[in-house]
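Shown next, in C-alpha cells, is the structure this report addresses.
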Amino acid sequence: MPAFPLLIAHGGRPDELVAQILVVAGLVAGWVGISRVRGRRFAQIPVAAGWLLVGLAPALLALAILVPTVIWRTPVNSADRPSSTAVIRIAEPVEGQRVSTATLDVVTEITGATVVDASSTQVAPDTGHVHIYVDDRLMSMAYAPEQEIAIDWLSPGPHVLRVEFVAADHVAFDPPVEASVTFVKLTG
C-alpha cells in the first residue's frame, strides 16, 4: 500500500493532521519547484525561488516525520486508556520457525474482541486493529487476521515478531494486548 493513502487513512490527532499538511506542502513545493527549474510551468516565479522550493520540499517532508514523533508528541496518559479483555495469539509463524522466503506470513487469532477496518477516536475495549512489528519496527497496521510481511531486508539470524491489538485510535490499551515469537531468517 502506498505511504500517502496510509498516512491520510490514519489521521485524527492534531499532530497527525499537521504532519499530513506538511507532507502535502512538501509534495506541492517539490512539484512547483521542479516545474519552475525545468522551465515547464510557473514562469512568474523566479528561478531562484524554484530552487528554494526544491530545497524546501525535503525539509517539509522531514518535518512531517518529526512533528508526531519528536516535536509535538502527544502524551498518552495511561489512566485515560481503557483495558481490554482481548487475547491475541500468533498462530503463524510458530516459535523458532526457520524462514527462507522474502516474505513472512503472519496469522493472528484474537478472542474477546473484533478487528475493525476504520480508525476512530471512539475507543472501546473490544474493537481495534492489529499492529505488526519485526524487531520493534512497525511493519503493518492490519485489519485482517492474515498478513504478508516483507522480510527481504532482514539479515540472517533470529528476529522477533510482535503483534499488538490496539484501540481503534491506534493507541495501546492499558495494559498492552500483545504476543511475540522469535523466528529465524535464513540466507536466500
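Only the coordinates and a few stated rules stand behind these numbers; no lab work does. Quantities reported herein were computed from a predicted structural model and do not represent experimental measurements. Positions of Cβ are generated from backbone atoms using ideal geometry, with glycine treated the same way; all protein chains shown enter the neighbour counts.
What to note about this one:
- Residues VAL134, VAL24, sorted so that the one with the fewest Cβ neighbours within 10 Å comes first: VAL24, VAL134
- Values of log10 I(q)/I(0) for the range 84-185 across q = 0.10 Å⁻¹ run -0.26, by the Debye formula with one identical scatterer at each alpha carbon and no solvent.
- Taking 19 Å as the cut-off, the amide N atoms of the range 16-34 that come nearer than this to a point 7 Å along the Cα-to-beta-carbon line of LEU138 belong to 16-24.
- Förster radius 25 Å - calculated FRET efficiency between ILE21 and ASP174 (Cβ-Cβ, nearest 0.05): 0.25
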